[in-house]
Amino acid sequence: MKDPQMAVNPVPRARLSIPEYAMALAHVASLRSEDPFRKVGAVAIDFDNRVIGTAYNGLAPGYNAAPDFWSDRDDRRKYMLHAEVNLCSLFTRGNVRLVACTTKPCTSCMQMLCAYGVKEVYYRDDYPESEANLIAERYGIQLEQLIDYPQVATSMDQIQ
Ligand SMILES: [Zn+2]
């Protein structure tokens, strides 16, 4: 039988790096997404390592979709505001150093992060259709995959 204290605090680890911290927060933000097919979270960190904001993909603020809205996976796509779009609505150009996204930014979102002057972008899940790598390379933005960060344990994890 497991030590109950160990179930709550599994393995002590070193202090989180700023990218790990941002990704853990982005993961939590993704849990708020209303999209049943793809949940994406994003976090912006400024030049003093402060969290500027968190965001997730979803419909326009205040819009309440009818239940059948979600029945067509492809048709919904054009209406979804990407997490990075919602995130960039929270700050002005030049105020954010680092963005963490749970999915690699699509081509359009990577262009937007460039326009906002973001210097470093971390993502967890790959998105092969994206041309983010070419955009980042050309404009000198650091783009890295980051998968090793503390995951949020569910209640089921803790009782097993
Ligand atoms: Zn996008």
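Scanning the stretch 64-102 for residues that are at pLDDT below 95 and part of a loop (DSSP other than H, G, I, E, B) yields N64, A65, A66, D72, R73, D74. The single condition among (1) within 23 Å of E131 (Cα to Cα); (2) within 16 Å of the ligand (Cβ to nearest atom) that R93 does not satisfy is (2). Any residue that is closer than 21 Å to R32 by Cβ and surrounded by fewer than 24 Cβ atoms within 10 Å (Cβ to Cβ) - is there at least one of those in the stretch 115-122? Looking through the stretch 115-122, none of the residues is closer than 21 Å to R32 by Cβ and surrounded by fewer than 24 Cβ atoms within 10 Å (Cβ to Cβ).
Among the residues of the stretch 56-108, those that are touching a residue at least 60 places away in the same chain (Cβ under 8 Å) and among the β-branched types (V, I, T) comprise V99, T102, T103. Scanning the stretch 16-66 for residues that are more than 19 Å from K78 (Cβ to Cβ) and among the polar types (S, T, N, Q) yields S17, S30, N49, T54.
The values are calculated or read from the model by the stated rules, or taken from the named source; none is laboratory data. Since the structure is predicted, the reported quantities are computational estimates derived from the model, not experimental observations. Methodologically, a virtual Cβ is constructed for each residue, glycine included, from the backbone with ideal geometry; neighbour enumeration extends over all protein chains shown.
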